[in-house]
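The values are calculated or read from the model by the stated rules, or taken from the named source; none is laboratory data. What you are looking at is a predicted structure, and each value in this text was computed from that prediction instead of being measured. We work out accessible area using only protein heavy atoms, side chains counted, and drop any ligands, DNA or RNA first. Shrake-Rupley method; radii C 1.70, N 1.55, O 1.52, S 1.80 Å.
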Amino acid sequence: MTDLEKPDAPQPFDEAEYRRRQRSRANLMGVLLIGLAVLFFAITIAKMQIFQ
């Protein structure tokens, strides 16, 4: 049995795939951060409307 046939053998490093996943996670975190900022803004505006 060679190293390539073993199911637990490490896969060769693919830098392009690593960068694609890293970019995907960065985009997701950016969207979540923007969503959180919009949520805080909406809550603040709603509280200002209640306390007038």
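Condition check: modelled with pLDDT of 95 or more and of a type in the set (Phe, Trp, Tyr). Does Phe51 satisfy that?
Numbers: modelled with pLDDT of 95 or more: no; of a type in the set (Phe, Trp, Tyr): yes.
The answer is no for Phe51.
Looking only at the range 33-50, which residues are of a type in the set (A, V, I, L, M, F, W, C) and open to solvent by 100 Å² or more (accessible area, probe 1.4 Å)? Don't jump to the end; show me each part of the working.
Step one: of the range 33-50, the residues of a type in the set (A, V, I, L, M, F, W, C) are 33-34, 36-43, 45-46, 48, 50.
Those that are of a type in the set (A, V, I, L, M, F, W, C) and open to solvent by 100 Å² or more (accessible area, probe 1.4 Å): Leu33, Ile34, Phe40, Phe41, Met48, Ile50.
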